[in-house]
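Everything on this sheet refers to the single structure shown next.
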Amino acid sequence: MDFLTFMSVFLLLISTSCYGLSENHHGDEEGGLLVVAPAKQQKEFDYFLLALLWPGTLCQGTNHCCSANACCRSNATSMFTIHGLWVNYNDGTWPACCNNGSNFDIKKITPLLGGLQIYWPSLSCNLESTCDGGKGLFWAHEWEKHGTCATPVIWDEYTYFLTTLNIYFKYNITKILIEEGYIPSNSEKYPLGGIVSAIQNAVRATPLLVCSDGAVQELRLCFCKNFEPQDCPNNVTPEEACPRYVSLPEYVPRI
Ligand code: 5GP
């Protein structure tokens, strides 16, 4: 291939790939409070990340119960639940709290509440930080912190929650893993590479797993702005990284 042909192919790939060039601009958390970059002139994000939680691992830390906490439900939640749809920059940072005028309003998602309670439940009794420095529902935290930064793809609260549910159902990670023999178990350990391959084969992109004491705690899928799957960058901290063999603990109700 001569240089001009190479450059044409290269430019075509850049223009059609998910990735663009980005600057650094992010929000972060300190001691549970959101420390937020100025909302004005927020640079557009580069890709979506759907973060899923594994209640079998997270509910092991439950020490008191309340009706809002799905760890306290009597029926087993042996499936990944939704943590949130996040937006990230390619440089490993992310924006947060991009529109303080867009406070969470539960009335705007009334038709979705049945699904959200099952598939996007809180796994704790604690309220979460909101962008105005207050406390609110898990959904309020996710919308205000992440959802408000998803413009120009997602502009409103209802679309944020509906879109997230739709992607979650489209890529049914629990089903994909069970079909490949990765059954929740309190005794088995599974090769991390096998779990990653099962998802790669089904989704056509590489997920990112986060572990706690060798147990899967979170699973992340990444998407271009048109919601086509893309590989997730491997940017977990050493403490969150999964070992070569991981467990997928069964959910034990805490009641
Ligand atoms: P949340 O605040 O939505 O419950 O969870 C986000 C947490 O995940 C924060 O502590 C944030 O620092 C961390 N985090 C780790 N990786 C990412 C990432 O790729 N994108 C975003 N937005 N947050 C991430």
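The values are calculated or read from the model by the stated rules, or taken from the named source; none is laboratory data. No experiment lies behind these values; they were computed from the predicted model shown. All Cβ positions, glycine included, derive from the backbone under ideal geometry; neighbour counts span all protein chains shown.
Would you mind stating whether residue 226 is away from the ligand (no atom under 16 Å from the Cβ), assigned to a loop (DSSP other than H, G, I, E, B), over 29 Å from residue 69 (Cα atoms) and not hydrophobic (A, V, I, L, M, F, W, C)? Yes: the conditions hold for residue 226.
Checked against (1) more than 18 Å from the chain's Cα centre (by Cα); (2) within 16 Å of the ligand (Cβ to nearest atom), residue 111 passes all but a single condition, namely (2).
Checking each residue of segment 120-142 against the condition of being under 17 Å from the mean Cα position of the chain (by Cα), closer than 19 Å to residue 167 by Cβ, of a type in the set (A, V, I, L, M, F, W, C) and part of a strand (DSSP E or B) gives no match. Does segment 94-107 hold any residues that are under 18 Å from residue 131 (Cα atoms) and modelled with pLDDT of 95 or more, and which are they? Residues satisfying the conditions are 94, 95, 96, 97, 98, 104, 105, 106.
For segment 80-108, the set of residues classified as without any contact (Cβ under 8 Å) to a residue 24 or more places away in the chain and either within 19 Å of the chain's Cα centre (by Cα) or not in a helix (DSSP H, G or I) (or both) consists of 101 only.
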